[in-house]
Amino acid sequence: MKRVIYLILAMILIIVGIYFAVLNADNVTLHYSFGSTEVPLSFILVIAMIIGALLGVAASASLFVGSRREIAKLKKKVEVAEKEVNNLRSIPLRDEH
């Protein structure tokens, strides 16, 4: 069921994207350091969105890496605590009455 919903959402996004590209098909002059060129406005907007998405992924990657390190440290602490508990359980009890 999730796949169908994702497929429908993807199709809607593709249709909206195509409609957006058709509405913004006019050529604009893109100036850069070594010259200029004429490209469709929709192309520039798509490239800007892709660059923004890549920058967003790069920014969130640092958070992801940091949380993975934290998880690794906590797993090591859990292993040490489990070993200590197992060692304490193996010590025989003495009754001094």
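The single condition among (1) out of contact with any Pro (no Cβ under 9 Å at 6 or more places or on another chain); (2) surrounded by 10 or more Cβ atoms within 10 Å (Cβ to Cβ); (3) in a loop (DSSP other than H, G, I, E, B) that residue 25 does not meet is (1). Of 60, 42, 36, all but one fail to be exposed (fewer than 13 other Cβ atoms within 10 Å of the Cβ) and either under 27 Å from the mean Cα position of the chain (by Cα) or assigned to a helix (DSSP H, G or I) (or both); the exception is 60. Of all the criteria given as (1) out of contact with any Ser or Thr (no Cβ under 8 Å at 6 or more places or on another chain); (2) surrounded by 10 or more Cβ atoms within 10 Å (Cβ to Cβ), the one not satisfied by residue 87 is (2).
Can you tell me which residue within the stretch 63-80, out of those that are among the aliphatic types (A, V, I, L, M) and within 18 Å of the chain's Cα centre (by Cα), is modelled with the lowest pLDDT? If we take residues in the stretch 63-80 being among the aliphatic types (A, V, I, L, M) and within 18 Å of the chain's Cα centre (by Cα), then 63 is modelled with the lowest pLDDT. Return the pairs, sorted by first residue and then second, in which the second residue is β-branched (Val, Ile, Thr) and exposed (fewer than 12 other Cβ atoms within 10 Å of the Cβ), the first residue lies in the stretch 41-52 and is closer than 13 Å to residue 18 by Cα, the beta carbons are less than 9 Å apart, and the residues are 6+ apart or on different chains. If the second residue must be β-branched (Val, Ile, Thr) and exposed (fewer than 12 other Cβ atoms within 10 Å of the Cβ), the pairs left are 42/22. Out of all the residues in the stretch 10-17, is one or more modelled with pLDDT of 90 or more and either within 23 Å of the chain's Cα centre (by Cα) or charged (D, E, K, R) (or both)? Checking the stretch 10-17: at least one residue is modelled with pLDDT of 90 or more and either within 23 Å of the chain's Cα centre (by Cα) or charged (D, E, K, R) (or both). Residues that are farther than 24 Å from residue 17 by Cβ and among the β-branched types (Val, Ile, Thr) within the stretch 53-72 comprise 65, 71, listed in sequence order.
The values are calculated or read from the model by the stated rules, or taken from the named source; none is laboratory data. Here the structure is a predicted model, which means the values were calculated and not measured. A quick note on method: Cβ atoms are made from the backbone with ideal geometry, for glycine too, and the neighbour counts reach across all protein chains shown.
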